There are 2 protein chains.
Amino acid sequence: MQDRIWSTQLTQHVGERVRLAGWLHHLRRLSNVSFLVLRDRQGLVQVVIEDPALADHLEKQYHESVLAIEGIVVAEPQAPGGVELHQPVIDVLAPAHEPPPFDLFRPAIQAQLPTLLDHAPVALRHPRQRALFELASASMRGFRAALRALDFTEIQTPKIVSSVTESGANVFAVDYFGRTAYLAQSPQFYKQIMVGVFERVFEVGPVFRAEPHATTRHLNEYVSLDLEMGFIRDHHDVMATLTDALAGMLDTIRAEAADTLALLGVVLPQVPPSIPVIHFAEALTLIFKATGEDARGEPDLAPAHERWLGDWAQREHGSDFLFVEGYPMAKRPFYTHPNPHRPEFSNSFDLLFRGMELVTGGQRLHRYEDYLVALNGMDIEMLNGYLQAFKYGMPPHGGCAIGLERWVAQLVGAQNIRETTLFPRDLNRLIP
Amino acid sequence: MQDRIWSTQLTQHVGERVRLAGWLHHLRRLSNVSFLVLRDRQGLVQVVIEDPALADHLEKQYHESVLAIEGIVVAEPQAPGGVELHQPVIDVLAPAHEPPPFDLFRPAIQAQLPTLLDHAPVALRHPRQRALFELASASMRGFRAALRALDFTEIQTPKIVSSVTESGANVFAVDYFGRTAYLAQSPQFYKQIMVGVFERVFEVGPVFRAEPHATTRHLNEYVSLDLEMGFIRDHHDVMATLTDALAGMLDTIRAEAADTLALLGVVLPQVPPSIPVIHFAEALTLIFKATGEDARGEPDLAPAHERWLGDWAQREHGSDFLFVEGYPMAKRPFYTHPNPHRPEFSNSFDLLFRGMELVTGGQRLHRYEDYLVALNGMDIEMLNGYLQAFKYGMPPHGGCAIGLERWVAQLVGAQNIRETTLFPRDLNRLIP
């Protein structure tokens, strides 16, 4: 049996007999001829069927049946891609048992989001759906390559943990051989510990948040692109590294997923050499002056205010990205480093991307004695491992975390983060 | 303040004043001079201290205190690396609060494994301990690069799942908003579903096994390097791809971690262009003839028999690797594809690496009707999402999974898999 080639390789084989394999994407019967569209990993190809018996046989197959097709490659300017397959011999490798719940051959699936998610295994086959996860894949690759170039080391840290990292309420409990353990809300403690080992580390992996609210921008499990680095002056060094990482992610998408961008009609943002920065307090003052909404004294930005700041960054700086730094200490986690000159504000930041929080980061405490104060009253026993790192000498350090699904959602303008999540987990959804 | 440079960059700066930063690895006082060894991410450097007051000050610091040091780079053939730092100005960025629980400056840590694991945040700082995880990092990078070159797409699939994938007994339960969910024992269902989308996928991520036994080669959470591919003839296509992936992992280690290999004294194995293959039944016959131990009729290989086969592969084929194919269907999971010619045996394989099972893989069922038979009596409702993939047409496909920690353990000859796990999770260990 001949080896198959990809649909995208056909143009190199004009005049030859080749073997393709893929899914029955569409079949259109005309009076004298039928056109079958085969979909494989790389794209679509048109197959011309002149034999009525073969066309009859294929008409009995549901869309999405798996086919192997041998035929002659013919240049045809009218055909999608400029080539098509003639004189096909078609083998049904695995029939579909039902028609798909929606038409996969149309430019977009005509179905509501819950229907798409219920049928994710088949909905994801649509070229536009699939393309979203090609962007995710290229983004991970770019993140790793950019950090690798900056001497970061990849780590994989445990997801079953003995204590909460971010906040006690929003954690999933696991029955661990009769004991209660938790799912890690972030790799925070471990990436800090590993700064003591490698100085610069990153991790791409799942994080788990048991937040019981249902919004269009939150998930209960998502993929976090984490980095952490030592020997920083303050959080600005983390912001500079994050800027490099984002530029690397976009470079990789641009270089390796150009077809995907074209299919989706996505225009990538430019990462400015230096992303504009605004202080949290200044941001609230701006919003107050412009809108009359007085959020001064609040510990965080409301989503509407993030959107306002996104527009402002676009207007004033021509930037899709905006750093907001200096969030009040009040609502930041215990390991947050205060601004030494204005201790009510933290050396932390959020990165807004097109008006939505994409990244949270900052400088962390690094002195053992500061942790003993910050953890006053907490269960030190469970944090014993974490505290070891500081007891035995830790440099000034900081880091941040990008939410992968949110990143892709903002890139493509998705209204709901579930659109850019393979198999979302939320209050109501645990299947598929 | 001057930017720091890495210890490994010193040779490019002889005669210049530079700034280094890192950990107080060791201090040795002689009558007229003291030698401080500073450790950073990249290596060690010797700092010569002639000022008695400075030496007095440093002697009060515990090992592992974090220092920034400015000084003049001097070529000194006697010094480690051929250079040392003179006329240092030393800033203690963060003191250690206790002496470390063992000496990190000795060639190896003098402590038993449980002590090392209890103090992992500081034990991992030892250059030999750290080196193990540089191998892990390079291995992941090589795995991804090799598969990327073969047109595989990276995916990230959910770890909180609604049903068990491998076997019902060995699964961790999660309280998911009042419902019982589980931690994924493998990405098996999702990577199969995604073959329907991308044809070729891989995932690097955590898997969770609630096996209550305590051995030197099992963990309850580990990192799995998974791949799955469509349009295969049978499991031999998976074995060929796995061979490429392993070669890629070793190539990356060789190219990017040569110093690490030298430090650990590790000699990498060669991956033969074609790894020898033996049928399961033939393997048991060989063992019976050679040892008199009759395990014919058993559904799996005992660890001792894997070791025997590892020696045999070395002896007969000069290979560190051996494929054992055709395990009996009896003990393989429900999605396993039988050998069409000998249906009591499966189209599955294990890869033994130096006499230990490193990889399990095989061809999967791909026809919807075969799943309905295989799942007869199981809770189909929970598997509805998985079954969709087959209902709407799936090609012949298969895949495999490499255990990252076991891979590194076998590479370096570690006796216990916990030695090559950052923060192991087992029956008794959930901290740090």
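Per-structure values
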read-out: Distance in nm between pseudo-label sites at A:Thr8 and A:Thr115 (7 Å out along the Cβ direction from Cα); value: 3.1
read-out: Computed magnitude of the charge dipole of chain A (debye, nearest 20; Cβ of K, R +1, Cβ of D, E -1); value: 120
read-out: Environment charge of A:Ile431, counting only residues whose C-beta is closer than 14 Å and scoring Lys/Arg +1, Asp/Glu -1; value: -1
read-out: Contact order normalised by residue count of chain A, Cα under 8 Å, 6+ apart, percent; value: 13
read-out: Theoretical ellipticity at 222 nm over chain B - DSSP helices of four or more residues, -39500 (n - 2.57) apiece, nearest 500; value: -9000 deg cm²/dmol
read-out: Inter-copy separations for A:His213, label at 7 Å along Cα-Cβ, nm, ascending; value: 4.8
read-out: Peptide ranges B:89-99, B:239-249, B:400-410 listed from the most packed, as the mean C-beta count within 10 angstrom indicates; value: B:400-410, B:239-249, B:89-99
read-out: About the Cα centre, charge dipole magnitude for region B:7-94 (Lys/Arg +1, Asp/Glu -1 at Cβ), debye; value: 200
read-out: Selected from A:Ala302, A:Ala262, A:Val161, residue furthest toward positive end of dipole (chain A; charges at beta carbon); value: A:Val161
read-out: Ranking of A:Met394, A:Met378, B:Met140 by count of other Cβ atoms within 10 Å, fewest first; value: A:Met378, B:Met140, A:Met394
read-out: Burial ranking of peptide ranges B:124-137, A:270-283 (average Cβ count within 10 Å, highest at the top); value: B:124-137, A:270-283
read-out: Whole-Å distance, taken between Cα centres, linking region B:367-426 and region B:1-38; value: 49
read-out: Point-charge dipole on Cβ atoms (K/R +1, D/E -1) for the protein assembly as shown, about Cα centre, debye to 20; value: 180
read-out: Label distances, nm, B:Glu76 versus same residue in remaining copies, Cβ-directed 7 Å point; value: 7.8
read-out: Unit charges at the beta carbon, dipole of region B:127-420: most positive-side option, B:Leu284, B:Pro340, B:Met229; value: B:Met229
read-out: Sequence-distant residues sharing a close amide H with A:Val174 (under 5 Å, placed H); value: A:Ala181, A:Tyr182, A:Leu183
read-out: Helix runs (DSSP H) in chain A reaching 18 Å along axis by Cα, Kyte-Doolittle at least -1.0; value: A:127-149, A:235-256
read-out: Region A:1-98 - percent relative contact order, Cα under 8 Å, separation 6 or more; value: 29
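Read the figures in this text as sums done on the coordinates, not as results from a lab. Because the structure is a prediction, the values reported are computed rather than measured. Glycine also receives a Cβ, built like all others from the backbone with ideal geometry; neighbour counts cover every protein chain displayed.
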